[in-house]
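Heads up, the thing below is written out as structure tokens.
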Amino acid sequence: MAYVIGAMSGTSMDGVDAVLVDITADHIRPVAAYQQPYPDALLQQLHELCQTGNNELNICGSVDRAVARVFAQTVNGLLAEQNLMSSDILAIGSHGQTVRHYPDQVPDLADDAPGFTLQIGDPNTLAVLTGIDVVSDFRRKDIALGGQGAPLVPAYHHAQFSKPESTRVVVNIGGFANITVLPGGNSGGIRGFDTGPGNVLMDAWCLQHRGKAYDENGNWAASGTVHQPLLNSMLADPYFAVTGPKSTGREYFNLPWLTQQLVNYPDVPPEDVQATLLALTAQTIANALLDVTDTTACYVCGGGAFNQVLMNTLQSLLPGISVDSTQALGIHPQWVEGVAFAWLAWAHLNNVPGNVPAVTGASREAVLGTFTPAS
């Protein structure tokens, strides 16, 4: 067996996922997964780091290592559960935790200031605490090559899900949503980009008004009615008119963005806002697929795959396409991104490019990541 572990935490910051994957040049086989939540105090610090604030450099340096410790606990928990030793693992592919993503323009800096992306979770601490070599920092090479540094999963989607002579679409709905169009055959025709908000606005609104981290199964959204003028206002945001390559994050789509949208609609009931936010996620995904006329299959992964109201809405907007989760292809929807970063680590070790320039906008393909040995 050639085991690699993919470890990551997404925009929702609901915990760290570690996925054990058997990877060779011929197959990618997920074996098991393990999740560890962030301690409340650390989670609060992470949310604070997503905004500018006082003493943030010192806080970031400390939280960088604290995040790595949670990643290590998650990996070690997975090893214990599977009765494996660190010596059984080739490497950990660690995405880390994104706290800033400004690939184009950094606010309050000069127009010619270089953009950046920042994922924390010190790979040295992770390597020492697990005894396993770590590949991390996957996004910054692509940005150095003029790309967005995101989305990075399309190269893995091609390796895992592509089917010759058949066009498939993979939609990842995490905090943000991204699509990958797999035309079959070689990777030359792959397309993809971030479509916009996935769960991030729905989760934030639900937490603010219901005290819950997310709207389970979309039930609260289902109790409301879509407010069409508000939806039209949201859809008019310039981000949605831009063609790919493009990526986004909580730096752009956040509660202040939503508050600004609600200025002209102050009396919309909270449940109707939630229904409208769900419609926004579904509509922007569907709009991105309008020109993919040669597919009959769309496979959804990420937390959004468990929101049945969202899935049903997406299906209603794509009547000619079968909408299902990646479980139909044999991979649990919550495991897909973890498997992706295990594959990116394997790709690094085997000198295989991990980006798709047509997706990210990079000037060329590149082997992604930085290697940190445990020894």
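The table that follows gives values for the structure above.
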quantity: Spacing of the two label points (7 Å from each Cα toward its C-beta) at Ser322 and Val352, in nm; calculated: 2.7 nm
quantity: Length gained when the stretch Met85-Gln260 is fully extended (0.36 nm per residue, less Cα-Cα span); calculated: 57.8 nm
quantity: Set of aspartates and glutamates with alpha-carbon distance to Lys212 below 15 Å, sequence-local pairs under 8 removed; calculated: Asp14, Asp40, Asp203, Glu271
quantity: Separation of the Thr243 and Phe116 label points, Cα + 7 Å toward Cβ, nm; calculated: 3.3 nm
quantity: Sites Ala2 and Leu235 - FRET efficiency at Förster radius 30 Å, r taken between beta-carbons, to 0.05; calculated: 0.05
quantity: Cα-based reach from Lys246 at 16 Å (exclusive), listing aspartates and glutamates while leaving out same-chain residues under 8 positions away; calculated: Asp104, Asp142, Asp194, Asp237
quantity: Gain upon complete extension [Glu56, Ser363; 0.36 nm per residue less C-alpha separation]; calculated: 107.2 nm
quantity: Chain lengthening between Asp294 and Arg69 when straightened (0.36 nm per residue, less Cα-Cα); calculated: 76.4 nm
quantity: Given (1) 19; (2) 13; (3) 59, the label whose value is percent of Cα pairs over 38 Å apart derived from this model; calculated: (2)
quantity: Most to least accessible of Ser322, Ser136, Ser375 (protein chains only, probe 1.4 Å); calculated: Ser375, Ser322, Ser136
quantity: In Hz, Karplus ³J(HN,Hα) per residue of the stretch 310-322 (6.51, -1.76, 1.60; θ = phi - 60°; x = Gly, Pro); calculated: 5, 4, 5, 5, 4, 4, 5, 7, 10, x, x, 10, 7
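The values are calculated or read from the model by the stated rules, or taken from the named source; none is laboratory data. All values reported here derive from a predicted model rather than from experimental measurement. Here Cβ is always computed from backbone atoms with ideal geometry, including for glycine, and neighbour counts include all displayed protein chains. Accessible surface areas use protein heavy atoms only, side chains included; no ligands, DNA or RNA. Shrake-Rupley method; radii C 1.70, N 1.55, O 1.52, S 1.80 Å.
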